[in-house]
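Encoded as structure tokens, the structure appears first; notes follow it.
The values are calculated or read from the model by the stated rules, or taken from the named source; none is laboratory data. All of these numbers come straight from a predicted model, not from anything done at the bench. Here the Cβ positions follow ideal geometry from the backbone for every residue, glycine too, while neighbour counts run over all protein chains shown. Please note that ligands, DNA and RNA were not included when accessible areas were found on the heavy atoms of the full protein model with its side chains. Shrake-Rupley method; radii C 1.70, N 1.55, O 1.52, S 1.80 Å.
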Amino acid sequence: MRDAARFFEMKRKGEKIAMLTAYDAPTARAEAEGGVDVILVGDSVGTNMLGYSSERDVQLADIAHHTRAVRRGAPRVYVISDLPWQTYRTPQEAVANAKILVEAGADMVKFEGPLPEIVRAIKAEGIAVCCHLGLEPQNHEEKRLKGKTAAEARKLVEDAKTLDAAGMDMLVLEVIPEDVAEVVTQAIKAPTIGIGGGRKTDGQVLVIVDVLGFTDANFKHNKRYADVGAAMRAAAAAYVAEVHSGAFPAEANAFKMPKEERAAFLG
């Protein structure tokens, strides 16, 4: 397994960590070729790729399946895989399910919420742990900014310190004020990864379908680097039109028999 110590060293040196989600081998391969530091097989696969209505619908088998695909596409990149909703209700359950994801190819597992006992249990088995605070998609039905009051911000910082003391290896901070993310980042040893956490975290993560613009939806915390959705729709429409018109396949797309074999066949 690849070593999480690299990311602590990057934090120490002030080097930013670049993370992206991926759910399949071709995407993972492209991200690896692009130099990504970490690939996250997130439960966002459910709403973005599997047609589920919520992250809560994602099953452990889904994450394991997509982790294997990502590992095949990016055999040398560090991979983090999400433990889905209600797969870490007890330390024993968390450990058993974490081992399934590691066997599928994960270097580290991630879960949501301030659960130091889960960190300690998984770490005791020699498995690296990423925690997740702020907006927790599995636990929060209302997708809104978290930590915007002084009380919420203080609790978030204290939760991060507690998880850090338990031995977490990384912390995702989702949709929280930049100044809160900065305090958390300075208060803990583990590297922080922001998604809607502003500029002061140790690294960033975005969802690949948002980066590529698969849909018209966009988010304040996201930056589109391509408009793949429009290209996909245009390509599909062009293909359908050419099939309907008979323009595709053309002669260039057809295979021919050798002349002598054709004569014998039709003879």
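Some observations on this one:
- The chain, accessible surface, carbon-and-sulfur percent (1.4 angstrom probe): 55 percent
- For region 14-36 versus region 165-179, the spacing of their alpha-carbon centroids is 20 Å.
- Dipole magnitude of region 111-267, debye to nearest 20 (Cβ charges: Lys/Arg +1, Asp/Glu -1, about Cα centre): 240 debye
- Tilt relative to the chain, helix 60-73 - C-alpha long axis, 0 to 90 degrees, to 10: 70 degrees
- Three-way shape label, region 45-145, alpha-carbon gyration tensor, a/c 1.5: oblate
- Rounded if a/c under 1.5, otherwise prolate or oblate - the chain, Cα gyration tensor axes: prolate
- Unsatisfied cross-links (Cα-Cα over 31 Å) in the set 155/223; 99/200; 99/148; 123/220; 13/143; 11/146: 99/200; 99/148; 123/220; 13/143
- Loop-located trypsin sites (Lys or Arg not before Pro) across region 113-216 with a Cβ neighbour count of 14 or fewer within 10 Å are 143, 144, 148, 189, 199, with loop assigned by DSSP.
- Under 18 Å from the residue 56 label point (7 Å along Cα→beta-carbon), backbone N, region 63-92: 83-90
- Taking the charge dipole of the chain about its Cα centre, with +1 at Lys and Arg Cβ atoms and -1 at Asp and Glu Cβ atoms, the residue from 28, 167, 17 reaching farthest to the positive side is 17.
- Protein heavy-atom accessible surface, 1.4 Å probe, per residue over region 38-108: 41 Å².
- Taken along the Cα-to-beta-carbon direction at a fixed 7 Å, the label points for residue 142 and residue 241 span 4.7 nm.
- Summarising the label geometry, the points placed 7 Å from Cα in the beta-carbon direction at residue 125 and residue 65 lie 2.2 nm from one another.
- Here the label points at residue 226 and residue 261, each 7 Å from Cα along the C-beta direction, are separated by 3.7 nm in the simple model.
- Rolling a 1.4 Å probe over the heavy atoms of the protein chains gives region 136-263 an accessible area of 60 Å² per residue.
- Cβ-based net charge around residue 147, under 11 Å, with every Lys or Arg adding one and every Asp or Glu removing one: 0
- Pairwise FRET efficiency - residue 9 versus residue 162, Cβ, R0 = 25 Å, nearest 0.05: 0.60
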